[in-house]
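Q: Sending over a structure as structure tokens; questions will come in a sec.
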Amino acid sequence: MGSRSSLNHIYRTVWNPSLGAMVAVAEIAPGNGRSRSATGASAGAEHDTPLGVSNLGLLALGVAMAWGAVVGSAQANPSGGVAVHGQATMTSTGNQLLVTTQNGAGTKHSAINWQSFSIPGGNTTYFQQPNNTSTVINRVVTNTPSAIFGTLSSNGNVVLVNQTGIAVGAGAVVDTAGFTASSLRMSDADAVAGRLRFGDAAGSVAGVSVQGSVLARSGDVVLLGANLETGAQALVQAPNGSTILAAGQQIEVTGRGLEGISLQVQAPTDQAVNLGTLKGDAVGIFAGTLRHSGVIDVSKMGVQGGKVVLKATGDSFVEGAGKILATGSNGGQVDVLGTRVAVTDQALIDVSGEQGGGVVRVGGDYQGKNAEVPNASITYFGPQAVIKADATGNGNGGKVIVWADDTTRAFGNISARGGERGGNGGLVETSGKKFLSVAGAKVDTRAVQGLTGNWLLDPTDITIVNGAEGTASFTGGIFDNGGGSVSSLTSGTLNYQLGFTDVTVQTTSVSGGGGGRHHVRFIRWGVSLPTPGWTRNGDFSG
């Protein structure tokens, strides 16, 4: 089958004031001039808004998210379907469309080209496939966006491709074995071959918006496009698989889970925003810029928590009241990675577990030395943000890393406690290779029945200051990499090993020990007297 010219249609998005949304239009259509501007970066005071961004509100997406007019004009379920691989029979009964498919010879998939693929509220489209491992690939070959406000379901896997955009509206239900929605085009050859390869050199600004419910019962949910958004009421879940949002220009799905996503071409403008609830064994968001302020839940009762990866080529923000939950018998793993990374406001990341805490990596891995984990240039961890990697029963505390190759400002609350019934405290690192500030930070690595854990601070220069938002609170040990030895904090006395070019500790008060004020003492290789070259400057809060 030859290619259709409409699949290469060039378009852009403009603001439609009557719909209150961005909508797709022809490239030559006039715009309405709505735009946003971003503030420039600033190297301001310790507690400036993160990364110099004065307002962490969501970026406007080039997705048609209010297609009420489209839905209102639609009088039917998907129409104009022609099978191009395998067979398909369409039967309409009132507001219900039944599509019965047969896979192509020697394959596990069928492919259908549609003139339109929308489902109005109160309507149902059901794909009856040979079995739950079969896949039906649906491509819209006109320039009509897909607006789903009814029910789309199947006993197998459903792939929906519409280069003009896809919206799963409020109240809509998608219930399939597995579901992939892409606003990046798929070629005729790939559809016939069953290759889940999307996008081309023409570039795209279209996107996928989910405001309703999407369930993949035995497979993955995969949302692909230049712009992706899940709304505040959205529920996207893959209880036996992965939930993935991948914003890019060329993407291939080569297998199941996070490892099955290959982002071949990305642009800085490719955006993913999650305001809703994402669930699965694993959750991944990949984009040029990503923002998460909803709920991600990969917690598992009785087993190890799941895996969450938030990875951007640019900014990666966890903000607002955003939550990432990866709890279980052993805590799971959460990565928040990008060039500039921020965990702000009342954000919570929890990888606690009954038998041990999990792993959280914000901006990089331990000392920034893991080549498989990209390092941030700037990392911000806000004063009201919380990370927990505790053992809640009998087990060791987990590992929390907050890293940047340049500057780290870590002001929030981190705990990696040992279990109440046994186990040691974990490891917390808050490091900036060039600059680190931990004013107001609270770190807890205690263990009721075991050894206290460690806190690693690894900058070239460190400033610990009694600022307007309070002093840093060290509840646990200090572990620094100068000479690779371990020091400790006891009775309000802070002991540092070698490794810092400059250490400045401004006057604060001390809690713990015998109370009152204690001096700061620097030791070198166990020598407990002040060492030449070190400067004692006031007291430290223990």
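Q: From the backbone phi of the range 366-378, what are the Karplus-calculated ³J(HN,Hα) couplings (6.51 cos²θ - 1.76 cosθ + 1.60, θ = phi - 60°) in whole Hz, Gly and Pro given as x?
A: Whole-Hz 3J(HN,Hα) from phi for the range 366-378: 3, 6, x, 9, 8, 5, 7, 10, x, 8, 6, 7, 10.
Q: Give the shape of the range 392-459 as rounded, prolate or oblate, defined through the alpha-carbon gyration tensor: a ≥ b ≥ c are the square roots of its eigenvalues, a/c under 1.5 means rounded, and otherwise the shape is prolate if a/b is larger than b/c and oblate if not.
A: Taking the square roots of the gyration eigenvalues as a ≥ b ≥ c, the range 392-459 is prolate.
Q: Note the per residue figure in Å³ for the convex hull of the C-alpha positions in the range 141-210.
A: 90
Q: Moving to a separate point now. Hey, can you grab everything whose amide H is under 5 Å from the amide H of residue 376? Only 5+ residues off in sequence or another chain; H modelled, so Pro and N-termini drop out.
A: 338, 364, 405
Q: Give me the lysines in straight-line cross-link reach of residue 300: C-alpha distance below 23 Å, same-chain residues under 8 apart excluded.
A: Answer for residue 300, where 23 Å is the Cα cut-off: 279, 311, 323, 388, 399, listed by chain and number.
Q: What are the residues whose amide H is under 5 Å from the amide H of residue 112, where those residues sit 5 or more places off or on another chain and H is modelled from the backbone?
A: The answer is 84, 137, 138, 139.
Q: Still on this structure, please answer the following. Inverting the mean 1/r over all pairs of different Cα atoms, compute the Kirkwood radius of the range 252-402 and quote it in Å.
A: Hydrodynamic radius (Kirkwood, Cα pairs) of the range 252-402 is 15.2 Å.
Q: Separation of the range 116-175 and the range 346-392 by C-alpha centroid, Å?
A: Going from one Cα centre to the other spans 37 Å.
Q: Now for a separate question. For a quick check: with amide H placed at 1.01 Å from N, whose amide H comes under 5 Å from residue 128's, ignoring anything fewer than 5 positions away on the same chain?
A: So residue 128 has HN proximity to 99, 100, 101.
Q: Any idea what diffusion coefficient the range 75-127 gets from Stokes-Einstein, in µm²/s, Kirkwood Rh on alpha carbon pairs, 25 °C, 0.890 mPa s?
A: Taking Rh from Cα pairs, D becomes 213 µm²/s.
Q: Also, quick follow-up: Determine ³J(HN,Hα), in whole Hz, for all residues of the range 97-110 in sequence, where each value follows from phi through the Karplus function 6.51 cos²θ - 1.76 cosθ + 1.60 and θ = phi - 60°; x replaces Gly and Pro.
A: Per residue, the Karplus-derived 3J(HN,Hα) values read 10, 10, 10, 9, 10, 10, 5, x, 3, x, 10, 10, 8, 10 Hz.
Q: What's the percent breakdown of Cα-Cα distances in the range 210-269 across 5 Å bins, shortest bin first?
A: 4, 19, 25, 24, 17, 9, 1
Q: On to the next question. For the range 237-329, what are Rg and Dmax over the alpha carbons, in angstrom?
A: Answer for the range 237-329, Rg first and Dmax second: 13.1, 40 Å.
Throughout, read-outs are computed from the coordinates displayed, never taken from laboratory work. Computed from a prediction, not measured in an experiment: that's the story for all the values here.
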